Amino acid sequence: MSANLKPGSQVNTDQNPEKTKVLILGGTGEMGQWFTRFFKQKGYEVTVWGKGGKTEIARKLEVPFASDLEKAVPESDIVIVSVPINVTEETIAEFAPKMKAGSLLMDFTSIKVKPVEAMKKFAPSDVEILGTHPMFGPTIPTIRGQTVILVPVKERSEKWFPVIRELFEEGGAHVEITTAAEHDRLVSVVQGLTHFAYITIGTTIDRLDFDIKKSRKFVSPVYAIMLDFVGRILGQNPYLYALIQMENPGVLDVHDAFIRECEELSKLVRAHDEESFVKKMKSAARKYGDTAHALRKSDKLINSRITEYETILNSVGKVCGFSHFYSGKIHVGTLEKAGPDEVVLTKLVSKGTSPHIKNKFVKLKLENLRMLSESELWEWRKENLEHSIRDISVLIPDGADPTVILNAINTNKQLATCEISDIYKGINQEDHKRVNWGNYKGEDYKEFNLIETEKEREKAKRLGVTYRITVFGDCDANSVEADVTSLLCGLGCRIRKKNLKQKEKSEAERKI
């Protein structure tokens, strides 16, 4: 037990996730829900609480709702404050004093000075504290590639800081360590300025009564991406963005500088002062730094967007798959139509689907979708479609390797699987026995005796192999079987007469 813990404290000093209890105050909010799922997936025992008492959200998340905080707070190893910025300090003041020795108090607010000071003031000295700011919103599907800012406090983050840092980094996040004061200064520009500028563009468009939808028909990819970022901010919780602007004291100075620059640039435009405008722009470029790097990165973003759309356009008439970002649902079918905003699929009938769903058309918004890779689509088709199974028995060329032929068959993309189901010696007067499995049938010998020439008899002595092909349910099994048979013949294999007769019999039965 750590030296600063009170006697009898029940603390998991090994930080075993399965034994670590996490309480998220504000866990029924959007960000709280996101981190509830995150900690659950990492094996932690999570409990949530929200002021609105939305127990149905806890049930949906399959975690307990803390109806009695007086009991839940002292039992928790980690308490996370994920409430609106303007009630963060009072939430800390109310619950931090109730925490047990050796536990950890964290906050997820967009500012750090005030919350960290409140945690230092109200949390017992034997409770560790860690300021935390996830630099992403609740619509992001995974923490991988996202930035999380951590503000450890000297002598108050010794045990838990490395645990939390490792937790985020193992998930693929980029973790930045800073002080509360530096955080708020940087964020006043990183969030305060950028959000303010984007929201101002949105409100200006509103003031101009400008038709965004119509303008998208005339835009460059850069303009389209900028509009998407504006729409991204406008479409989220406006109260959150209001508090980010209003609760960080440094934001007002940023606003003043931004408004002065807007006024000065506007005056230069009105005066047609081209040289002054150019001078100002060049000065900003020098201060900005590596503009060439920014150009390459933005080109990469634009090109990836163009490439994805071109891939979709080139897939019209083919079977495609799309994953929905938010629902996680997979949509697979023949791509009938693709436009800038949506795609139309004729959905494939998967296992357990009602017959009336067959050939159902579905329209999907492109911005909500990620196109499945070829391997992802192959896996989905393999797992979800009803397949046809066909056996093709052949005599392979003398000295040929059945596995090499199998690999050649497997290049057919219309096959879910292909395997060797039987290997046996060709019809031979001296040796009628199978090599591996299957039973010898006397009719093989009779068939052998009907072969007239010695040359034909020599051919019949070749190794026999039965290849079992599983044809994807969205492909024509007869056509695929014919293709595989043609390939085998091209490789020097001889289709067994008995199988041909069986095939002819089956075709005759279908005609009756």
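The values are calculated or read from the model by the stated rules, or taken from the named source; none is laboratory data. Keep in mind the model is a prediction, meaning the values are calculated, not measured. Backbone-built Cβ (ideal geometry, glycine too); neighbour counts: all protein chains shown. Keep in mind that these areas ignore ligands, DNA and RNA; they rest on the heavy atoms of the full protein, side chains included. Shrake-Rupley method; radii C 1.70, N 1.55, O 1.52, S 1.80 Å.
Would you tally the residues in the stretch 336-376 being among the polar types (S, T, N, Q), at pLDDT 80 or above and either part of a loop (DSSP other than H, G, I, E, B) or in contact with a Lys or Arg (Cβ under 9 Å, 6 or more places away or on another chain) (or both)?
So the first thing to find is which residues in the stretch 336-376 are among the polar types (S, T, N, Q), and the list is 346, 350, 353-354, 359, 368, 373, 375.
Still in the running and at pLDDT 80 or above: 346, 368, 373, 375.
Narrowing the set further to residues that are either part of a loop (DSSP other than H, G, I, E, B) or in contact with a Lys or Arg (Cβ under 9 Å, 6 or more places away or on another chain) (or both) leaves 346, 373.
Total satisfying the criteria: 2.
For the stretch 175-234, the helices (runs of 4 or more DSSP H) that sit wholly inside it and include 3 or more residues that are open to solvent by less than 50 Å² (accessible area, probe 1.4 Å) and touching a residue at least 12 places away in the same chain (Cβ under 8 Å) are 180-190, 192-208, 221-234.
Residue by residue, here is whether (1) assigned to a helix (DSSP H, G or I); (2) closer than 22 Å to residue 185 by Cα; (3) open to solvent by 80 Å² or more (accessible area, probe 1.4 Å); (4) touching a Leu at 6+ places or on another chain (Cβ under 7 Å) holds:
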| site | (1), (2), (3), (4) |
| --- | --- |
| 254 | yes, yes, no, yes |
| 260 | yes, yes, yes, no |
| 269 | yes, no, yes, no |
| 277 | yes, no, no, yes |
| 281 | yes, no, yes, no |
| 296 | yes, no, yes, no |
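So residue 245 clears everything in (1) without any contact (Cβ under 8 Å) to a residue 60 or more places away in the chain; (2) under 19 Å from residue 132 (Cβ atoms); (3) in contact with a helix residue (DSSP H, G or I) (Cβ under 8 Å, 6 or more places away or on another chain) except one condition, right? Which one? Of everything listed in (1) without any contact (Cβ under 8 Å) to a residue 60 or more places away in the chain; (2) under 19 Å from residue 132 (Cβ atoms); (3) in contact with a helix residue (DSSP H, G or I) (Cβ under 8 Å, 6 or more places away or on another chain), residue 245 misses just condition (2).
Residue 412 meets each of the listed conditions (1) assigned to a loop (DSSP other than H, G, I, E, B); (2) open to solvent by 60 Å² or more (accessible area, probe 1.4 Å); (3) modelled with pLDDT of 90 or more; (4) polar (S, T, N, Q) apart from (2). Considering the conditions (1) outside any helix (DSSP H, G or I); (2) farther than 30 Å from residue 490 by Cα, residue 398 is excluded by exactly one of them, (2).
With respect to the conditions (1) over 20 Å from residue 37 (Cβ atoms); (2) modelled with pLDDT of 95 or more, residue 110 falls short on a single one, namely (2).
Applying a threshold of 9 Å to beta carbon distances and a minimum spacing of six or more residues, or different chains, the list of pairs starting in the stretch 108-133 at a residue that is more than 19 Å from residue 250 (Cα to Cα) and in contact (Cβ under 8 Å) with a residue 40 or more places away in the chain and ending at one that is open to solvent by 20 Å² or more (accessible area, probe 1.4 Å) and of a type in the set (Lys, Arg) reads 125/156; 126/6; 126/100. Scanning the stretch 235-247 for residues that are in a helix (DSSP H, G or I) and under 29 Å from the mean Cα position of the chain (by Cα) yields 238, 239, 240, 241, 244.
Taking residue 309, is it open to solvent by 50 Å² or more (accessible area, probe 1.4 Å), touching a residue at least 24 places away in the same chain (Cβ under 8 Å), touching a Pro at 6+ places or on another chain (Cβ under 9 Å) and outside any helix (DSSP H, G or I)?
Details: open to solvent by 50 Å² or more (accessible area, probe 1.4 Å): yes; touching a residue at least 24 places away in the same chain (Cβ under 8 Å): yes; touching a Pro at 6+ places or on another chain (Cβ under 9 Å): yes; outside any helix (DSSP H, G or I): no.
No.
Just one of the numbered conditions (1) exposed (fewer than 11 other Cβ atoms within 10 Å of the Cβ); (2) outside any loop (DSSP other than H, G, I, E, B) is not true of residue 328; which one? Result: residue 328 passes all but (2).
Residues are listed down the side, and each one gets a yes or a no for (1) among the hydrophobic types (A, V, I, L, M, F, W, C); (2) modelled with pLDDT under 95; (3) more than 22 Å from residue 230 (Cβ to Cβ):
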residue: 164; (1), (2), (3): yes, no, yes
residue: 167; (1), (2), (3): yes, no, yes
residue: 176; (1), (2), (3): no, no, yes
residue: 179; (1), (2), (3): no, no, yes
residue: 182; (1), (2), (3): no, no, yes
residue: 191; (1), (2), (3): no, yes, no
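Restricting 282, 300 to residues that are within 30 Å of residue 374 (Cα to Cα) and without any contact (Cβ under 8 Å) to a residue 24 or more places away in the chain narrows the list to 300. Within the bounds of the stretch 316-325, is there any residue that is part of a helix (DSSP H, G or I), of a type outside the set (Phe, Trp, Tyr) and in contact with a helix residue (DSSP H, G or I) (Cβ under 8 Å, 6 or more places away or on another chain)? Checked against the condition, which is being part of a helix (DSSP H, G or I), of a type outside the set (Phe, Trp, Tyr) and in contact with a helix residue (DSSP H, G or I) (Cβ under 8 Å, 6 or more places away or on another chain), the stretch 316-325 yields no hits at all. The residues of the stretch 165-216 that are in contact with a strand residue (DSSP E or B) (Cβ under 6 Å, 6 or more places away or on another chain) and among the charged types (D, E, K, R), listed by number, are 165, 169, 176.
Which residues, taken from the stretch 32-48, are assigned to a helix (DSSP H, G or I) and out of contact with any Leu (no Cβ under 6 Å at 6 or more places or on another chain)? Show your work before the answer.
Filtering the stretch 32-48 down to residues assigned to a helix (DSSP H, G or I) leaves 32-41.
Passing the criteria: 32, 33, 34, 35, 37, 38, 39, 40, 41.
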